[in-house]
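> Below are the structure tokens for one structure; questions will follow.
The values are calculated or read from the model by the stated rules, or taken from the named source; none is laboratory data. Quantities reported herein were computed from a predicted structural model and do not represent experimental measurements. In this analysis, Cβ positions are derived from the backbone assuming ideal geometry, glycine residues included, and neighbour counts consider all displayed protein chains. Remember, those area values only see protein heavy atoms, side chains included, never the ligands or the DNA or RNA. Shrake-Rupley method; radii C 1.70, N 1.55, O 1.52, S 1.80 Å.
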Amino acid sequence: PFGSNLALWSLAYEWWLYLLFPLMVLAARSRAWREQCLLALLAAGIFWLLGPRGRWLSLAWFVGALVAQRRAAPGARGLPGPRLLPWLGLVAALAAKPYLASSFPLLAMPVIVGATVGVLWGEAGRADPLPAFAVQLGSSSYTLYAIHMPLAILALTVVSGPFLQEPGPTRWLAVFGLTGGLLLFAQGWWWLFERRTDSLRQALTRRRPLS
């Protein structure tokens, strides 16, 4: 009912999660039982309002919040072992996603979330920064998230053919070409609209520290 850009519409779930999370934190920190009951009731109402899909998607959001808190903690250390290992795990999880989604749909998201957590946790406390291209991809990830679906549908409509249905090198070349095109387009869109987001956020934080 919301059109083809489901990724963009999922931001509606995220809005409610931005309300749910502080309610849960305040309820946990409050010492007045009446206040705790009221906050817990409001949080339960929002959690019910999210519906089954929203509650399932909230798993990834809350895990991300916990990982961010862990990474910001003083003295945070990454996972032991080779730095490349968690990244290989994430690549393997993303490659397996189509098969998991078709055969084990309930396992697809937990596997992706777990692999992503492994990468983020592994990078916590690293003295050496990520390469510049990785930082840039991270900066434009929101732009890519918001616009990739209609662009992918348009591109697949333009280049549709039997070669996309049959496994083989031609199909992989088409997939990699489409992915590269989406990334390049997102970079341009980010430069036009999102490149000053961090500086604006920092300015607002300086003016209103409690925000």
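> Six or more apart or on different chains, Cβ atoms under 8 Å: show the pairs whose first residue is in the range 112-139 and at pLDDT below 80 and whose second is of a type in the set (S, T, N, Q) and open to solvent by 40 Å² or more (accessible area, probe 1.4 Å).
If the second residue must be of a type in the set (S, T, N, Q) and open to solvent by 40 Å² or more (accessible area, probe 1.4 Å), the pairs left are Gln136/Gln187.
> Looking at Leu26, Leu39, Leu59, can you tell me which residue is open to solvent by less than 50 Å² (accessible area, probe 1.4 Å) and in contact with a helix residue (DSSP H, G or I) (Cβ under 7 Å, 6 or more places away or on another chain)?
Step by step, each of Leu26, Leu39, Leu59 is checked, and only Leu39 is open to solvent by less than 50 Å² (accessible area, probe 1.4 Å) and in contact with a helix residue (DSSP H, G or I) (Cβ under 7 Å, 6 or more places away or on another chain).
> Quick check on this structure: which one of Trp191, Trp172 is surrounded by 11 or more Cβ atoms within 10 Å (Cβ to Cβ), free of Cβ contacts under 8 Å to residues at least 24 places away in the same chain and either in a helix (DSSP H, G or I) or in contact with a His (Cβ under 8 Å, 6 or more places away or on another chain) (or both)?
Only one candidate passes the filter, namely Trp191.
> For Ala93, are the conditions met, namely being part of a helix (DSSP H, G or I), at pLDDT 80 or above and not acidic (Asp, Glu)?
Taking the combined requirement at face value, the residue satisfies it.
> Let me ask you something else. Since Tyr145 meets every condition but one in (1) hydroxyl-bearing (Ser, Thr, Tyr); (2) over 22 Å from Val63 (Cβ atoms); (3) modelled with pLDDT of 75 or more; (4) open to solvent by 50 Å² or more (accessible area, probe 1.4 Å), which condition does it not meet?
(2)
> Of everything in the range 86-107 that's surrounded by fewer than 16 Cβ atoms within 10 Å (Cβ to Cβ) and among the aliphatic types (A, V, I, L, M), which residue is nearest to Trp56 (Cα to Cα)?
Applying the filter and picking the extreme gives Leu106.
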